[in-house]
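Everything on this sheet refers to the single structure shown next.
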Amino acid sequence: MKKIVSLLTVFAITAISLAQNTYTMDKNHSRLSFSVKHMGISHVEGNFKTFDVTVISSKDDFSDAKIELTVDVKSINTEVTMRDNDLRSPNWFDAEKYPTLTFKSTDFKKVDGNQYLLSGNITIHGITKPISFNVEYNGKVQNQKTKKYICGFTITGKLNRNDFGVGKPNSLTVGDEIKLESNVEFGIN
């Protein structure tokens, strides 16, 4: 009987230590932005108004984190209605046919200090490709009002829109390289 109690105790302690935390994005303090060169001389910036990110991790340093992103392509916003409608059209994203953009992590590796490398698969316009992002972990604090802990990250990277069949290749008007930047804040459930 003592062996059974001891085994159950070890199992319970192991289960508690391996407990995963789910981190839910705070939509009021998160932004998913992009920029692309226009005519080779300036940048047009925009963002997606509707997106969701979930992080699941059992380690305080997030080294085992699993990250998933879902974006509503129709929520694209460059603050120019005519351009946004064109970006939603079959000329670019074809948001009716491909309404979501997704990312699923395959690795979240600590590089140095609060710097990480996030790798995974991104699906845009129905095409899935591997991609990596640089991530800065901005820290964790306790919210004074809710008394819950929150943490923040800044994610940067780039991709080539031609790899996903978005828009006309090698356009003189719109650059091929898209710079991505996201600032996200998560509450710990």
*Determine if segment 133-141 includes at least one residue that is within 19 Å of ASN47 (Cβ to Cβ), free of Cβ contacts under 8 Å to residues at least 12 places away in the same chain and either of a type outside the set (A, V, I, L, M, F, W, C) or surrounded by 13 or more Cβ atoms within 10 Å (Cβ to Cβ) (or both).*
no
From the option list LYS110, LYS145, single residue qualifying as basic (Lys, Arg) and surrounded by 14 or more Cβ atoms within 10 Å (Cβ to Cβ) is LYS110
Of the residues in segment 121-178, those that are out of contact with any helix residue (DSSP H, G or I) (no Cβ under 7 Å at 6 or more places or on another chain), part of a strand (DSSP E or B) and of a type outside the set (D, E, K, R) number 28
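A quick yes/no check of all residues on (1) buried (at least 16 other Cβ atoms within 10 Å of the Cβ); (2) in contact with a helix residue (DSSP H, G or I) (Cβ under 6 Å, 6 or more places away or on another chain); (3) farther than 16 Å from THR123 by Cβ:
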{"residue": "VAL55", "(1), (2), (3)": "yes, no, yes"}
{"residue": "ASP64", "(1), (2), (3)": "no, no, yes"}
{"residue": "ASP84", "(1), (2), (3)": "yes, no, yes"}
{"residue": "ASP94", "(1), (2), (3)": "yes, no, no"}
Q. Looking at this structure, is ASP52 free of Cβ contacts under 8 Å to residues at least 60 places away in the same chain and in contact with a Ser or Thr (Cβ under 7 Å, 6 or more places away or on another chain)?
A. yes
Among (1) open to solvent by less than 30 Å² (accessible area, probe 1.4 Å); (2) under 27 Å from LYS37 (Cα atoms), GLY152 falls short only on (2)
Those strands (runs of 3 or more DSSP E) completely within segment 32-113 that have 2 or more residues that are of a type in the set (Lys, Arg) are 100-112
| said: Being surrounded by 13 or more Cβ atoms within 10 Å (Cβ to Cβ), in contact with a Pro (Cβ under 7 Å, 6 or more places away or on another chain), over 17 Å from LYS49 (Cα atoms) and not charged (D, E, K, R): is that true of ASN121 here? | reply: yes
Within 19 Å of ASN21 (Cβ to Cβ), among the acidic types (Asp, Glu) and either open to solvent by 20 Å² or more (accessible area, probe 1.4 Å) or within 18 Å of the chain's Cα centre (by Cα) (or both), is that true of ASP72? no
Filter segment 36-50 for residues that are of a type in the set (A, V, I, L, M, F, W, C) and at negative phi; the one that is surrounded by the fewest Cβ atoms within 10 Å (Cβ to Cβ) is ILE41
Q) Taking the stated definitions as given, is PHE164 of a type outside the set (Gly, Ala, Ser), open to solvent by less than 40 Å² (accessible area, probe 1.4 Å), free of Cβ contacts under 8 Å to residues at least 60 places away in the same chain and over 26 Å from ASP86 (Cβ atoms)? A) no
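The values are calculated or read from the model by the stated rules, or taken from the named source; none is laboratory data. In this text, all values refer to a predicted model and were calculated from it rather than measured experimentally. Virtual Cβ from ideal backbone geometry, glycine too; neighbours counted across all protein chains shown. Note: areas computed on protein heavy atoms with side chains; ligands, DNA, RNA excluded. Shrake-Rupley method; radii C 1.70, N 1.55, O 1.52, S 1.80 Å.
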